[in-house]
1. Scan the stretch 8-27 for residues that are in a loop (DSSP other than H, G, I, E, B) and modelled with pLDDT of 95 or more and jot them down.
2. Could you tell me which residue of the stretch 28-55 is most open to solvent (accessible area, probe 1.4 Å), considering only residues that are assigned to a loop (DSSP other than H, G, I, E, B) and aliphatic (A, V, I, L, M)?
3. Let me spell it out: the conditions are (1) open to solvent by 60 Å² or more (accessible area, probe 1.4 Å); (2) in contact with a Gly (Cβ under 9 Å, 6 or more places away or on another chain), and Leu58 meets all of them except one. Which number is the exception?
4. If I filter the stretch 4-27 down to residues being open to solvent by 60 Å² or more (accessible area, probe 1.4 Å) and over 11 Å from the mean Cα position of the chain (by Cα), which single residue comes out as nearest to Arg70 (Cα to Cα)?
5. Going through the stretch 64-76 one residue at a time, which ones are within 21 Å of the chain's Cα centre (by Cα) and open to solvent by 90 Å² or more (accessible area, probe 1.4 Å)?
6. Pairs, please: C-beta under 8 Å, at least 6 apart or cross-chain, first residue open to solvent by 60 Å² or more (accessible area, probe 1.4 Å) and in the stretch 82-102, second at pLDDT 95 or above and not acidic (Asp, Glu)?
7. Is there any pair linking a residue in the stretch 48-59 that is under 13 Å from Ile30 (Cβ atoms) to one that is exposed (fewer than 15 other Cβ atoms within 10 Å of the Cβ) and among the charged types (D, E, K, R), with Cβ under 7 Å and at least six apart or on different chains, and which?
Amino acid sequence: MVFNTGAALLDAIVLAVVSREQEGTYGYRITQEVREAIDISESTLYPVLRRLQKDDCLETYDREYGGRNRRYYKVTAKGDAQLKLYKSEWRTYSRKISAILQEV
């Protein structure tokens, strides 16, 4: 993709992906789903997950899987409110950009 993905857009995408699963989801699966929209490496994604957790938008818990612990991420109430704000802002932003690009 030729367009830059800023931190806010990346946060919005990650929150949207994690919010799809009521019980949360794990890092590798988040990476795979985010990659459906944008090209991102795990080394880029995990700092985003940690930042969202630090900002109380995500909470984590561990669950045993195949003899190992797997870390799951779940959207908090604050994260849900932030996602709603991102979605509202995205609708406005994308509508304005689309209107400009369609004029060309």
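1. Arg20
2. If we take residues in the stretch 28-55 being assigned to a loop (DSSP other than H, G, I, E, B) and aliphatic (A, V, I, L, M), then Ala37 is most open to solvent (accessible area, probe 1.4 Å).
3. Condition not satisfied by Leu58: (1).
4. The residue in question is Glu23.
5. Within the stretch 64-76, Arg71 is the sole residue that qualifies.
6. Lys87/Ala12; Lys87/Ala16; Trp90/Ala12
7. Close Cβ pairs (under 7 Å, with a partner that is exposed (fewer than 15 other Cβ atoms within 10 Å of the Cβ) and among the charged types (D, E, K, R)) do not exist here.
The values are calculated or read from the model by the stated rules, or taken from the named source; none is laboratory data. The model shown is predicted, which means the values in this text are computed figures rather than measured ones. Methodologically, a virtual Cβ is constructed for each residue, glycine included, from the backbone with ideal geometry; neighbour enumeration extends over all protein chains shown. Accessible surface areas use protein heavy atoms only, side chains included; no ligands, DNA or RNA. Shrake-Rupley method; radii C 1.70, N 1.55, O 1.52, S 1.80 Å.
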